Amino acid sequence: MRINLFNAGKRFNRDWIFRKADLTFLPGHTYAITGSNGSGKSTLLQTVAGSMDISEGKIDWQVNGASVEADNIYRYLTIAAPYVEVIEEMTAAEFLQFHRQFKPLLKGISITEIINLVGLEKAATKQIRYYSSGMKQRIKLAQAIFSDSPLLLLDEPCTNLDVSGFELYQKLILDYAANKTIIVSSNDVNEFSFCENVINIMDYK
């Protein structure tokens, strides 16, 4: 997926979060959006996702050279973020089965295999409400990374993960997201060390 921002800006009331952003995200490449807490990283990520309108400028999304309307961008992306909730009344398997009705999962891998890969096999039959915060983050990463979509958006993807969780995250990206356009919003280098390009939100204030 190719995404172009032309002189893009976003403000809330009179406060500009970012302005004059001319950015290009190319298919199959990896990007990090960095900056201090509260600087607007998540806001920029959500405008790229089409879930938040910009206040000035233009954003153009293209899939295989064809433009996509903002209302349809959700069809081509998955996201893992602290503000994205899971359905806690479901088990991990039920949640992934429900999710795949809207976004197909990667071919050649079963839901059982996905649950094993993210280390939740011992809790596979438990409702997600009984998961720890780190386990919930693992299932969020599973639904995002294992979806067959060209754009992967990650906002502070290792929130609540321990050291083994960080290592798992890096391995999942390497093994299962190599062909995706990936954009990571974070100020922790361990979350975006694989990214080829780094965008500092402070450059667009």
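What's the tally of Lys pairs in the stretch 73-167 whose alpha-carbon atoms lie under 16 angstrom apart, where the two lysines are 8 or more places apart or on different chains? Display every interim value, and only then the final one.
Details: Lys103/Lys140; Lys122/Lys136; Lys126/Lys136; Lys126/Lys140.
Summing the qualifying lysine pairs gives 4.
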Check your understanding: For Asn160 and Arg11 in one chain, what is 0.36 nm times their gap in residues minus the Cα-Cα distance, to one decimal in nm?
Key -> 50.7 nm
Review point. If each of Lys205 and Asp60 carries a label point 7 Å out from its Cα toward its Cβ, how far apart are those two points in nm?
Key: 3.1 nm
Practice item. Report, ordered by chain and residue number, the lysines lying within cross-link reach of Lys41, taken as a straight Cα distance under 19 Å and ignoring same-chain residues fewer than 8 apart. Key: Lys10, Lys20, Lys58, Lys205
Check your understanding: Taking +1 at the Cβ of each Lys and Arg and -1 at the Cβ of each Asp and Glu, which of Cys195, Ser133, Pro104 sits farthest along the dipole of the chain towards its positive end, judged by Cα position relative to the Cα centre?
Key -> Pro104
Exercise for review: For Ala93, put the label point 7 Å out on the Cα→Cβ axis and report which residues of the stretch 117-149 keep their amide N under 15 Å from it.
Suggested key: 117, 120-128
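If the convex hull of the alpha-carbon atoms of the chain is projected onto planes in all directions, what is the mean projected area in square nanometres? Show your work: numbers first, answer last.
Working: hull surface 44.8 nm².
Here the figure is 11.2 nm², rounded to one decimal.
Every number here is computed from the coordinates shown, using simple stated rules; none is lab data. Everything quoted here is computed from the prediction, not taken from an experiment. Cβ atoms come from the backbone with ideal geometry, glycine included; neighbour counts cover every protein chain shown.
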